[in-house]
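Heads up: the structure comes next, in structure tokens.
Every number here is computed from the coordinates shown, using simple stated rules; none is lab data. Quick caveat, the model's predicted, so the values are computed rather than measured. We place every Cβ from the backbone using ideal geometry, glycine too, and count neighbours over all the protein chains shown.
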Amino acid sequence: MLAATPLVDLKHLAVETALYALLRMPARRKKHLSPKSVREIAGVLSVSLNEAFPLDKVLVSPLLKVRLPKVERIEARALTPEEMDRLRNKCRGDWTLTFVDISLATGTGARMVGY
């Protein structure tokens, strides 16, 4: 288990194994965590390990050798009026509705396809 490993003993293979195991972990709204989420988790871990370096807790960050999962890029496009309505209806009664309305009004909602 990664959390039980002392920082000085932490190796890149253990970190990489733990990060790829996250790809199989159940997520809140999907079957498993996405590669993008795993990369964001790795980013938080990287910052933590970089903070440990000046404190002499690690000699070098093991994340420097870790191969992170690739994120599949999709071409952004404008939402159709029907997609915008579905998105707004899905978020109605939720705290996210204000942010969705702002993003749709400013044209930044193109990446919200799938709702």
- Message: Which residue fluctuates most in the GNM of the chain (Cα springs below 10 Å): Leu63, Leu87, Leu45?
- Response: Leu87
- Task: Identify the GluC sites (Glu not before Pro) of the stretch 1-90 meeting these criteria: DSSP loop state and at most 11 other C-beta atoms within 10 Å of the C-beta.
- Result: Glu72, Glu75
- Message: With loop defined by DSSP as not H, G, I, E or B, and exposure as at most 16 other Cβ atoms within 10 Å, which is the longest segment of the chain clear of exposed trypsin sites (Lys or Arg not before Pro)?
- Response: 32-56
- Give, rounded to the nearest 20 debye, the magnitude of the charge dipole that the chain has about its Cα centre when Lys and Arg contribute +1 at Cβ and Asp and Glu contribute -1 at Cβ. 380
- Message: Using the alpha carbons of the chain, what is the convex hull volume per residue in cubic angstrom, as a whole number?
- Response: 149
- Message: Given the DSSP H assignment, sum -39500 (n - 2.57) over each helix run of at least 4 residues in the chain and divide by its residue total; what's the result at 222 nm in deg cm²/dmol, nearest 500?
- Response: -13500 deg cm²/dmol
